[in-house]
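Q: Here it is: the structure, laid out below.
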Amino acid sequence: MTLYRVVTFFYIFFMKIALATLAPPKVRAIEESLSECPYFEGLDVEVIPYSVPSGVSDMPLSLEENMLWAKNRAHNLREMVEADWYIGMEWGTTKIGEKAYLFWVVYILSLKGEGHYGISNMMEVPEVFQKRLYEHGEDLGNVLQELTWVENASKKNGAFWAWSDNLLTRKDQFRLAFFSAVPAFFNKYYKMGGKD
């Protein structure tokens with residue numbers, strides 16, 4: 001077997017994914033999503049977490065800023081390491097009219113530079129939290145810990161858990177965002193272009 005065929009065979013069955021976070025729940029969510037995703041069936045996928053700066057504020061308060069945060073992390077990671085895919089994951093809130101909503105964003109960037117977003121479902125932010133975020137500039141994690149009496153509540157269980165009586169979890173949101181982003185790399189409708 002020639003060297004080219006050996007390398008091609010290895011590449012088809014092995015994929016390295018660099019993940020722009022060290023948080024164990026986020027890493028597990030992506031690993032579980034990959035194991036359930038039919039696009040990766042039969043592949044040996046290695047997920048490697050990294051600490052990567054976002055270049056924006058610590059608490060994104062708009063859809064645009066949250067998306068930029070996730071994208072920046074993926075692009076910054078691409079400058080640091082070589083991988084097949086780079087994934088940036090973030091959460092934040094945005095205001096639509098008078099109400100704020102919490103959601104998660106996943107941005108996937110390929111080695112070739114193709115990038116796609118996925119966004120989880122949105123959940124309305126309770127008024128007491130919204131006031132403290134938007135009017136007082138407080139961090140959601142700190143407010144969540146104070147009001148739930150759970151240390152590191154945002155990292156352990158998350159606001160979705162607190163606000164839904166455990167009907168929704170942080171992991172659910174990462175999975176939904178990932179599964180919303182990944183089809184654009186594989187699904188035929190994304191390859192058709194915009195011809196009339």
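Taken together, the values in this text are just the output of simple stated rules run on the coordinates, not laboratory data. This structure is a prediction, so every number in the text was calculated from the model and none was measured. All Cβ positions, even for glycine, are placed from backbone atoms using ideal geometry, and neighbour counts span all protein chains on display.
Q: Roughly how many whole Å is it from the C-alpha centroid of the range 156-196 to that of the range 83-115?
A: 10 Å
Q: On full extension of the chain, what length is gained from M15 through Y189, given 0.36 nm per residue of separation minus the C-alpha to C-alpha distance?
A: 60.3 nm
Q: Here's something else I'd like to know. Could you tell me which of T169, P25, G118 has its Cα farthest along the dipole of the chain towards the positive end, charges placed at Cβ (Lys, Arg +1; Asp, Glu -1), taken about the Cα centre?
A: Of T169, P25, G118, it is G118.
Q: Where is the GNM fluctuation largest for the chain (alpha-carbon springs, 10 angstrom cutoff): D165, D139, D84?
A: Comparing D165, D139, D84 in a Gaussian network model of the chain, the most mobile one is D165.
Q: Quick one: putting +1 on the C-beta of Lys and Arg, -1 on the C-beta of Asp and Glu, what dipole do you get for the range 20-159 around its Cα centre, in Debye to the nearest 20?
A: Charge dipole, the range 20-159, about its Cα centre: 220 debye, nearest 20.
Q: Considering only lysines 8 or more places apart in sequence, or on different chains, count the pairs in the chain whose C-alpha atoms sit under 13 Å apart.
A: 7
Q: From the residues M80, F160, P183, which one has its Cα farthest along the dipole of the chain in the positive direction, the dipole being from +1 and -1 charges on Cβ of Lys/Arg and Asp/Glu about the Cα centre?
A: Sorting the options by dipole projection puts first P183.
Q: Over the chain, what is the percentage of antiparallel beta bridges among all DSSP beta bridges, to the nearest 5?
A: Bridges in the chain are about 70 percent antiparallel.
Q: Please report, in cubic angstrom per residue, the volume enclosed by the convex hull of the alpha-carbon atoms of the range 24-128.
A: Looking at the range 24-128, the number lands at 122 Å³ per residue.
Q: Ok, one more. With contacts defined as alpha carbon pairs under 8 Å and 6 or more residues apart, what's the relative contact order of the chain in percent?
A: Averaging sequence separation for qualifying contacts and normalising by length gives 19 percent for the chain.
Q: Further, regarding this structure: Please sort by residue number the GluC sites (Glu not before Pro) in the range 17-47 whose DSSP state is loop and whose Cβ has at most 16 other Cβ atoms within 10 Å.
A: E41
Q: Give me the mean projected area, in nm² to one decimal, of the convex hull enclosing the Cα positions of the range 64-196.
A: 10.4 nm²
Q: Picking from A159, A23, A181, which is most flexible by a Gaussian network model of the chain using Cα springs under 10 Å?
A: A23
Q: Pull up all non-local amide H partners of N121: gap of 5 or more, or a different chain, and H-to-H distance under 5 Å with H placed in the peptide plane.
A: none
Q: For the chain, what is the mean residue ellipticity at 222 nm derived from helices alone (per DSSP H run of n ≥ 4: -39500 (n - 2.57); sum divided by total residues; nearest 500 deg cm²/dmol)?
A: -11500 deg cm²/dmol
Q: While we're on this one: For the range 99-130, state which GluC sites (Glu not before Pro) are in a DSSP loop and have at most 16 other beta carbons lying within 10 Å of their beta carbon.
A: E114
Q: 7 Å from Cα along Cα→Cβ at both E146 and E31: what's the point-to-point distance in nm?
A: 3.5 nm
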